[in-house]
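For reference, the structure discussed in these notes is given below.
The values are calculated or read from the model by the stated rules, or taken from the named source; none is laboratory data. Values in this document were obtained by computation on a predicted structure and should not be read as measured data. Cβ: placed from backbone, ideal geometry, glycine included. Neighbour counts: every protein chain shown. Side chains included, ligands, DNA and RNA excluded: accessible areas come from the protein's heavy atoms. Shrake-Rupley method; radii C 1.70, N 1.55, O 1.52, S 1.80 Å.
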Amino acid sequence: MTTLELIKLTCGSVTASFDVALSNRSVVQDLARSFSPNATELSSAIELHAAFIEHCARHDSADATLAVFDAFCQAHGTANSDIHVVIQSQSLDSQAAQRVLRGYYSAWPITRHRALAVPLPALFSADSVSLMAVFGGQRGFGDTIQEAVWLFDVYRPLLSGFVSRMSGFMHRESQDESMRFAYAKGFDVLAWLTTPDAMPDARYLLATPIAIPLVGLIQLMQVMVLYKTLGVSPGELAKRFK
């Protein structure tokens, strides 16, 4: 029988308690002592617990990250339900939901190969539902680029490799002699998403040579998040559409 140790986190008036195996007690306790979240940002136990997952992941402690992640799943019901459904049931505001998702998915490099017991949503599993995917369109600077920023902030471990490769490709293409005139401020999407000060002005981002490929990239980011969080392959996702 595995012996468990109670870990208690406190941030202002918010507390979160969970059990970890005795074998992980020391490293988790050390990380808890170095954990100092912003008390003005957190308002619930699920936010505090998710922030601690991210703290463990940031310190490259795989055992601690996995132990705290498993405790999170047991404490907040994500062992048998999708994290997005759990967040919706908690009535969290958009910023709190963003923090919980970012913390939860910070453990992705460790947990991604584990079998998921979470059932597919009815939208993707009910025979009576026929789905159609529509790509294309452009909604304006604010929505588009901020959607990319939000996606990359929340789901970075799921997207970083893809975005890095695509950003490199688009940057190289923008430097071609026949194209360079349209990219006076370059086309380094990865830099724009990770360094806000590097992001060009709205007028530049709305220009057709920037906006059209950027919209395409964001839509592919959405597809990648969808199939990875559902635990299916791209081919399996495609089969869900009639």
Query - FRET efficiency for Ser130 and Gln175, using Cβ-Cβ distance with R0 set to 30 Å, rounded to 0.05 - result: 0.10
Report task. Would you mind computing, in nm to one decimal, how far apart the modelled labels at Arg156 and Ala182 are, each placed 7 Å from Cα along Cα→Cβ? Result -> 3.1 nm
Report summary line: The orientation-averaged projected area of the Cα convex hull of the stretch 43-171, in nm², is 10.3 nm²
Query raised in the report: Roughly speaking, what is the centre-to-centre gap between the stretch 1-49 and the stretch 59-126 when only Cα atoms are used, to the nearest Å?
Result: 17 Å
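Considering just Cα atoms, how many Å³ per residue does the convex hull of the stretch 77-122 enclose? Numbers along the way, then the final one.
Working: hull volume 3.6 nm³, N = 46.
Given the Cα convex hull of the stretch 77-122, per-residue volume reads 78 Å³.
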Report summary line: To the nearest 10 degrees, the tilt of helix 94-105 (Cα long axis) against the first principal axis of the alpha carbons of the chain is 80 degrees
Query raised in the report: How about Lys242: which lysines have a C-alpha closer than 25 Å to its C-alpha, ignoring those fewer than 8 places off in the same chain?
Result: Lys228
Requested in this report: First measure r as the distance between the Cβ atoms of Ser36 and Gln95, then evaluate 1/(1 + (r/R0)^6) with R0 = 25 Å and state the FRET efficiency to the nearest 0.05.
Outcome: 0.85
Report summary line: Long-range share for the stretch 138-242, i.e. C-alpha pairs more than 25 Å apart as a percent of all pairs, stands at 23 percent
Report task. Calculate what fraction, in whole %, of the accessible area of the stretch 178-235 sits on carbon and sulfur atoms when a 1.4 Å probe is rolled over the protein chains. Result -> 64 percent
Requested in this report: Check each of the GluC sites (Glu not before Pro) in the stretch 162-242 and keep only those in coil by DSSP with at most 12 other C-beta atoms within 10 angstrom; list them in order.
Outcome: Glu177
Report summary line: With bins of 5 Å, the percent of all Cα-Cα pairs of the chain per bin from 0 is 1, 6, 12, 15, 16, 14, 13, 10, 7, 4, 2, 1, 0, 0
Query - Nearest 10 degrees, 0 to 90: helix 141-154 Cα axis against the chain principal axis - result: 30 degrees
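Using just the Cα positions, wrap the stretch 50-112 in a convex hull and report its mean projected area in square nanometres, one decimal place. Before the final figure, lay out the partial values.
Values: hull surface 15.3 nm².
One quarter of the hull surface, i.e. the mean projection, equals 3.8 nm².
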